[in-house]
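A quick write-up on the structure given underneath.
Every number here is computed from the coordinates shown, using simple stated rules; none is lab data. Only a predicted model underlies this, so the values are computations on that prediction, with no experimental measurement involved. Neighbour counts run over all protein chains shown; Cβ positions are idealised from the backbone, glycine included.
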Ligand SMILES: [Zn+2]
């Protein structure tokens with residue numbers, strides 16, 4: 001299977017973010033890994049899937065690592081200390097405290113955020129899957145309840161609609177709630193220790209069989 005690089009963007013620290021096309025002509029499904037640099041398993045899982053993929057009905061697009069600067073530094077935020085999942089230009093975006101959820105100096109002020117917004121506008125995905133850690137839940141925004149329930153069945157993680165608390169500038173609010181694009185936030189078990197990690201820690205290899213089943217479903221639904 002040939003993977004085509006559709007778009008590339010250099011970050012503040014000179015690392016590359018890529019959008020890859022794994023083929024297929026049906027619905028467009030965009031999967032995004034490593035929104036948060038201290039949640040590394042998404043990159044591992046996407047790269048392994050791309051090595052193993054054979055054929056797909058739906059068009060599968062991937063950003064294996066949205067936040068390479070954060071990944072290399074082991075930080076949640078990017079090189080500017082911005083939580084990318086609080087930097088989207090939602091109606092409720094606001095300047096926030098400079099803690100680990102810092103939403104940046106301005107909405108869509110970060111290179112990674114702009115890159116992703118352009119992709120959403122140019123490729124118009126029918127469904128977006130983002131890979132996070134460590135809460136073991138299937139979160140969803142927008143019209144994604146049915147798919148979230150199916151992914152919950154596959155993974156054994158419970159489903160939650162993200163309406164519990166406000167998350168200004170979040171990707172789910174931007175795409176799911178304000179643009180009605182189904183967004184699934186798949187929170188895997190933790191693969192590294194952190195203050196939020198709910199024990200036990202699992203290896204990325206152990207998460208692989210869950211992820212592979214999720215993708216096999218999304219490739220054909
Ligand atoms: Zn996360």
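Applying a 10 Å radius around every beta-carbon, put 63-70, 166-173 in order of their mean neighbour count, most first.
Working: 63-70: 26.2, 166-173: 22.2.
Packing proxy ranking, top to bottom: 63-70, 166-173.
Is the C-alpha gyration tensor of region 68-182 telling us rounded, prolate or oblate? Criteria: a/c under 1.5 is rounded; beyond that, a/b larger than b/c is prolate, otherwise oblate.
Details: a/c = 1.68, a/b = 1.42, b/c = 1.19.
Verdict is prolate for region 68-182.
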Among beta bridges that DSSP assigns inside region 4-192, antiparallel share in %, nearest 5: 40 percent
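Given the -39500 (n - 2.57) contribution per DSSP H run of 4+ residues, what per-residue ellipticity at 222 nm results for the chain, rounded to the nearest 500 deg cm²/dmol? Please report the intermediate quantities before stating the final value.
Values: 5 runs with 59 residues, N = 221.
Result for the chain, helices only: -8000 deg cm²/dmol.
For the chain, what does the relative contact order come out to in percent, with C-alpha contacts under 8 Å and a separation of six or more? Let's see the in-between values first.
Details: 505 pairs, mean separation 46.1, N = 221.
Normalised by residue count, the contact order of the chain is 21 percent.
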DSSP-defined beta bridges in region 9-94 - what % are antiparallel, rounded to 5: 45 percent
In terms of the Cα gyration tensor, with a ≥ b ≥ c the square roots of its eigenvalues, is the chain rounded because a/c is under 1.5, prolate because a/b exceeds b/c, or oblate? rounded
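What is the extension gain from residue 48 to residue 72, computed as 0.36 nm multiplied by their sequence separation minus the C-alpha to C-alpha distance, in nm to one decimal?
Working: separation 24, 0.36 × 24 = 8.64 nm, distance 1.92 nm.
Extending this stretch completely gives an extra 6.7 nm.
Which ordering of 175, 209 is given by a fewest-first count of other beta-carbon atoms within 10 Å?
By the 10 Å Cβ count, ascending, the order reads 209, 175.
Starting from the Cα-Cα distance between residue 118 and residue 196, subtract it from 0.36 nm times their residue separation and give me the gain in nm to one decimal.
On the way: separation 78, 0.36 × 78 = 28.08 nm, distance 3.12 nm.
Full-extension gain reported as 25.0 nm.
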Give me the distance between the Cα centres of region 160-190 and region 196-213, rounded to whole Å. 21 Å
